[in-house]
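One structure below.
Read-outs: derived from the displayed coordinates by stated rules, not from any lab. Keep in mind the model is a prediction, meaning the values are calculated, not measured. Positions of Cβ are generated from backbone atoms using ideal geometry, with glycine treated the same way; all protein chains shown enter the neighbour counts.
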């Protein structure tokens, strides 16, 4: 993983919707310095990468995961 554990914060927000069912949403926050290191910070020129690229296995695992899991949008009724 290109991020350290202390550079990421995951928040779970739950509520009861109008239909009476519980709904949960995850909020993912990444430290700005971690984004800058990877060339992903919005204030940084996109053509400049300031750190090493993630290892090849990381990209491969992401592609494998994406091919196995269908993309679900929030509240799409499925």
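Side notes on the structure shown:
- Residue list for the stretch 33-47, restricted to those being more than 21 Å from residue 58 (Cα to Cα) and within 16 Å of the chain's Cα centre (by Cα): 42
- Count - residues of the stretch 10-51 that are in contact with a helix residue (DSSP H, G or I) (Cβ under 9 Å, 6 or more places away or on another chain) and exposed (fewer than 11 other Cβ atoms within 10 Å of the Cβ): 3
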